[in-house]
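See structure below.
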Amino acid sequence: MHPFRYVAASSIDEAVAVLREHGARARCLAGGTDILVQLRGGRYELDALVDVKGVPEASAMRLGRAGLDIGAAVPCYRIYEDAKVAAAYPGIVDAASLIGGIQIQSRASLGGNLCNAAPSADGIGPLLVHDATVVIAGPTGTRTVPVDGFCTAPGSTVLDDDELVVSVHVPRPPTRFGAAYERFIPRNEMDIAIVGVASSLVLDRSGKRIESARIALASVAPTPIVASKAAASLIGEPPSEEAFRAAGEIAAGEASPIDDMRGTIDQRRDLVRVLTRRTLALAAQRASAGAAR
Amino acid sequence: MTSKTEPKRKFRVVGTRPIRHDGWDKVLGRAAYGADVKLPGLVHGAVLRSPHAHARIVKIDTAKAEKAPGVLAVMTAADMPVAASQVLDLGEEVTNATYASDRVMARAKAVYNGHPVAAVAAVDLNTALEALTLIDVVYEVLTPVVTIEQAMAPGAPLVHDDLVGDDIGERVEHTNVAEHIRYEVGDPEAGFAEASTIVELECRLSRAHQGYIEPQTATAFWSQDGKLTVWTSTQASFGQRDALAGVLMRPVSSIKVVPMEIGGGFGGKIGIYLEPLAAVLSRKCGRPVKLVMERRAVFDATGPAPGGIVRVKMGVDDKGLITAATADIRYGAGAYPGAQINPASVCVFASYRIANARVDGYDIVINLSKTSAYRAPGAPQATFATETVVDEICRRIGMDPAEFRLLNASKEGDRRVDGPAFPRIGNVEVVEAIKGSAHYRSKLGPASSPAKKRGRGMASGFWQGIGGKSTVTISVNNDGVVSLIEGSVDIGGTRASIAMQAAEVLGIAAEDVHPSVVDTDSIGHTDLTAGSRTTYATGAAAIKAAEQVVEEMKNRAALAWETDAGNVRFEDGVFSNAVAKGQRLTFKELSGKLGATGGQISTTGVVNLRGSGGGSFAAHLVDVEVDTETGKVEILRYTAAQDAGKAVHPAYVEGQMEGGAVQGIGWALNEEYVVGDDGVMQNASFLDYRMPTTLDVPTIETIIVEVPNERHPFGVRGIGETGIVPPMPAISNALRDALGVRLTELPMKPGRIMAALKAQAAS
């Protein structure tokens, strides 16, 4: 393994300075559950790793009026062990509780999941259907971009070489909102999604019509994608099995999967159909339950 | 639970569940495995591997690597002697020294992806790894032979230009079929003519890796006086010594192999991989050299079980009796011959009495790593075809699968297709145990959701086990504790099971036998820990040594009591004088008097058990639930019944049965080598080579059946391997029951199940 420098940054400025110094040959380290494996596997070489767990903004999680801010290095377990967060952000909690196993969840972060930019990322779909944004810091200050569009290709993001993700902002969900994430893996843990689907929807006051919906798909395109046509088909529809099935059909058309060692094109399209229907049903159930509460 | 089948002799230690002797060290992390070896002056090595599955090596330039700071030695095949052609019989693996040498370091051609082409020793691992990037290898890439069809096609590229095939005794040149064997009894064609129902299935199986957690390692020190010591994680310390002698062209006695604690083997740690490379690097730099394989290399370059194509045809008459059966077994050996087609042929019909049968086995070389033994090597793949055919027959003729097996079961005196007659076996008893189980009598119950379906399947399996040579030395200490020295590497709790057999004879507690596994210079020849032989054969050696101790102790008691040795009785751990009431000494008391009666006692028991180990049959029953929208399979309930002869340590017998079932479940559902046309494995990691996790398997319910093995003093049968044989067909049969479709290709992964359901819907 190529020798690299390890810097435990204690501020955003310090982290940015190291990134500037090394350019593309430096990367940030949060839980390390992807990057360390990739380095040891020889996938790429680095000259510096910047540990951001000591950066206060990256390790904070705050639930406020405007929504939820999750520091880029906040490990998954802190998300699902927080009862208030778990109640308000069910889709995100679904993902945080199934990434890797318990040991992985005690290190891995959603920020890291975003920056790793895997097509199969479990954490990104739920952020998409929760309309989350990414807070990015660089030499000239901070900027905010939507999660939708943050990943540009497998392993690539909109981050410049001298930028890092500080946190993710998830707006406070409206009332009668529900979300869910499910993935298909052949095993029951420690696996990569053959397909992952996140869905969210908002029911109208009567609870009988869908006011708005979001659907995101993982492992069926170069990045996690938003299935906007499938989501649009649900507006004004009742939260019914029939509507969810139709949305699944449209979502399967929006997917552009490939054959690889983990699954085939046909299998992935089938799974998009099934998981879209199942996650929408669960999201609707959660939306009704939330409204009743 | 234990199913009692007949009255047996009374045991005091055998059949109990003491804490294993190596338990503390393993639980507390003190046990030293291969990678834990630390020696003065130790340096580290790394291996450069071919990225091509088939390529001529035009040139290797190591000059830059040799000059790199910190590099102590660089080697290629040019640093190894050209090994003379000779058969190396490592027990469950037989190979030729020339192939064994070529396998560990490519000479003219790289014949599998991951084939070593050079190795470096350096002051630390990172320096060694960096030095690998300085070695320049020029390859002429050749077309790889990846599948069995490709290998057997006319005009196929040849894995080895000089391979001479043996087609039932006929020499064949320019071929990838190393061997074609045939066994035949009776008249299969006439038998099929008598059949009222005939079923034939062709099954396809992926190669599957043992998946041991500890990767291969080797540390070697080649001393200036020509003595080579190798510390390694192996199942076969003596086999490794002999293989090293053959590959390095050195006298056997100049080599000492020190077996370290082993982190899983399952047959995969019999052959040599890193040992000769560490040895040559050590010779070149004069320092001890350690090599540890990366997981990627373990998948790419060590030996999994072969995949293959197995076609089985079976006919039954209107009473359900088998009239004839044939099997065509084609296994992909990998880059060198030796795909275990013989044990496959032995086992394929072993569960049934068949008067007319023929088995053809083909050992086929392809450009993938050479396969190795894996738990009942060769048997699971062949049995998959037989047991799915049997299940289809039961469905066609409307017979209960347990009844069919009882009706057609092989019994004592029946001949296997390869000739030998079975001794006393427990084939009927294991099927009866399943039939009598709570599981068998339970209702399957409704599925947990409308999208899911449930099914139940049964299958049988057999592994013959081997005997072979073992040596055990016992020394009696004056505190009544004995030390037991053995050469059998402990994989599955054999320190305990062997010590318990000695304790049984000596009338002492299992804890009062202290077992040690020692190196090849410190004990007489002992064959490998494999073939379900260790508890059986090394146990027999321990019994023999212990019986000699008892005889000598009787002499000493006679001396102490000034009586004839013939008057000394030994019962329940107590020596007594038959002619003088009240004269009695426990084993411990007499041990304290050894000094005064002629000194300490030590004995050696040597056995060489010929023929099979007596054989162990199993029958498994499984309930599955399948999500018909995703193809995901959940194992709801699993019961394994197996004949242990006599279970020495029932907990470890159960552990072996459970382990076999779990590995079989993995092979059945998800484990596979995904190999592209380029011969490169695409899923060479534990992330993508999908072995089951603890969340993927239910509690395996076990039923130990005890039909004594007439070849062992206590009736013990080796039980380590049979458990992996039935799971794959049992699950295929359960899926057939649930879904109405027959899965004949392994693994039966979700995508394949969905494709089968779609094909069913379309037809």
Tell me, in nm to one decimal, what length is gained between B:Ser253 and B:Lys593 on full extension, where the rule is 0.36 nm per residue of separation less the Cα-Cα distance?
118.6 nm
State, to one decimal in nm, how far the label point of A:Met261 lies from the label point of B:Leu407, with both points 7 Å from Cα in the Cβ direction.
4.6
Beta bridges per DSSP with both ends in the stretch A:5-171, % antiparallel, nearest 5
75
Relative contact order computed over chain A (Cα-Cα under 8 Å; 6+ residues apart), in percent
16
Can you give the average number of partner chain beta-carbon atoms within 10 Å of each beta-carbon in peptide A:261-268, as a whole number?
5
Could you sort the peptides A:146-156, A:209-219 by per-residue average Cβ neighbour count (10 Å cutoff), highest mean leading?
A:209-219, A:146-156
Label-to-label distance, nm, for residues given as B:Gln760 and B:Asp25 (7 Å Cα→Cβ offset)
5.2
The local net charge around B:Glu745, scoring Lys/Arg +1 and Asp/Glu -1 for residues other than B:Glu745 whose Cβ lies under 11 Å from its Cβ, equals +2
Per DSSP, the loop-located trypsin sites (Lys or Arg not before Pro) within the stretch B:317-355 having at most 15 other beta carbons within 10 Å are B:Lys319
Roughly what % antiparallel, to the nearest 5, for the DSSP beta bridges in chain B?
75
From the gyration tensor of the Cα coordinates in chain A, what semi-axes in whole Å does the equivalent ellipsoid have, largest first, with each one equal to sqrt(5λ)?
33, 21, 15
When every alpha-carbon pair in the stretch B:1-155 is counted, what percent end up more than 19 Å apart?
71
Given labels modelled 7 Å from the Cα in the Cβ direction, how far is it in nm from A:Val145 to B:Val94?
6.5
Eligible lysines near B:Lys313 by straight Cα distance, threshold 17 Å, same-chain separation 8 or greater
none
Residue separation times 0.36 nm, minus the C-alpha to C-alpha distance between A:Ser212 and A:Ala24: what's the value?
63.7 nm
Write down the percent of antiparallel bridges among all DSSP beta bridges whose residues are both part of chain A, to the nearest 5.
85
At 222 nm, what value in deg cm²/dmol follows for chain B if DSSP H runs of at least 4 each add -39500 (n - 2.57) and the sum is divided by all its residues, to the nearest 500?
-8000 deg cm²/dmol
Can you give the translational diffusion coefficient of the protein assembly as shown in µm²/s, computed by Stokes-Einstein from the Kirkwood radius over Cα pairs at 37 °C and 0.692 mPa s?
104
Percentage relative contact order, the stretch A:177-292, counting C-alpha pairs under 8 Å, at least six apart:
33
List the aspartates and glutamates whose Cα sits under 19 Å from the Cα of A:Lys208, skipping any in the same chain fewer than 8 residues away.
A:Glu237, A:Glu241, A:Glu242
In this structure, the FRET efficiency calculated for B:Val87 and B:Arg107 from their beta-carbon separation, with R0 = 22 Å, to the nearest 0.05, is 0.65
Over all directions, average the projected area of the Cα convex hull of the stretch A:5-171 and note it in nm².
8.7
Could you work out the relative contact order of chain B? I mean the mean sequence separation of Cα pairs under 8 Å and 6+ apart, divided by the number of residues, in percent.
16
Across the stretch B:143-198, how large is the tail of the calculated P(r) beyond 15 Å, expressed as a percent of all Cα pairs?
61
When all Cα-Cα pair distances of the stretch B:173-283 are considered, the percent exceeding 20 Å is 59
Average silhouette area of chain B, convex hull of alpha-carbon atoms, in square nanometres
35.1
Which whole number in µm²/s is D for the stretch A:177-292 by Stokes-Einstein, with the Kirkwood Rh taken over Cα pairs at 4 °C and 1.567 mPa s?
93
Surpassing 18 Å at the alpha-carbon level, of the pairs B:Lys269/B:Lys749; B:Lys554/B:Lys588; B:Lys10/B:Lys554; B:Lys38/B:Lys284; B:Lys544/B:Lys593; B:Lys452/B:Lys632, are B:Lys269/B:Lys749; B:Lys10/B:Lys554; B:Lys38/B:Lys284; B:Lys544/B:Lys593
Charge dipole (debye, nearest 20) of the stretch A:5-171; +1 at Cβ of Lys and Arg, -1 at Cβ of Asp and Glu
280
Diffusion constant of the stretch B:288-344 at 20 °C, which comes from Stokes-Einstein with the Kirkwood Cα-pair radius and 1.002 mPa s, µm²/s
144
Residue separation between B:Thr143 and B:Asn126 times 0.36 nm, minus their alpha-carbon distance, gives in nm 2.7 nm
So which trypsin sites (Lys or Arg not before Pro) in the stretch B:552-631 pass both tests, a DSSP loop state and at most 13 other Cβ atoms within 10 Å of the Cβ?
B:Lys581
With θ taken as phi - 60° and the coefficients 6.51, -1.76 and 1.60, list the Karplus ³J(HN,Hα) couplings across the stretch B:144-160 in order, rounded to whole Hz; mark glycine and proline as x.
x, 9, 9, 10, 5, 4, 4, 5, 8, 5, x, x, 4, x, 9, 5, 10
Helix-only [θ]222 nm of chain A, DSSP H runs n ≥ 4, -39500 (n - 2.57) each, per residue, nearest 500
-9500 deg cm²/dmol
Considering every residue in A:182-188, what mean count of other chain Cβ atoms within 10 Å of its Cβ is obtained?
6
What would the Debye equation give as log₁₀ I(q)/I(0) for the stretch B:220-304 at q = 0.15, 0.21 Å⁻¹, counting only Cα atoms as equal point scatterers?
-0.51, -0.98
Provide the descending list of Cα extents for the stretch B:1-90 along its principal axes, expressed in whole angstroms.
71, 36, 26
Reachable aspartates and glutamates, given that their alpha-carbon falls under 16 Å from the alpha-carbon of B:Lys443 and they are not under 8 places away in the same chain
B:Asp400, B:Asp623, B:Glu625, B:Asp737
Provide the packing ranking of A:279-288, B:393-402, B:727-736, i.e. peptides ordered by the mean count of other C-beta atoms within 10 Å per residue, highest first.
B:727-736, A:279-288, B:393-402
Could you give the C-alpha radius of gyration of the stretch A:106-215 expressed as a fraction of 2.2 N^0.38 Å, taking N as the number of residues it contains?
1.19
Using +1 at the C-beta of Lys and Arg and -1 at the C-beta of Asp and Glu, which of B:Ile262, B:Met80, B:Leu134 has the Cα lying farthest in the positive direction of the dipole of chain B?
B:Ile262
Loop sites in the stretch B:212-257: trypsin sites (Lys or Arg not before Pro), DSSP, at most 14 other Cβ within 10 Å:
B:Lys227
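We did not get these values from a lab; they are worked out from the coordinates using the rules stated. This structure is a prediction, so every number in the text was calculated from the model and none was measured. Note that we place each Cβ from the backbone using ideal geometry, even for glycine, and neighbour counts take in every protein chain shown.
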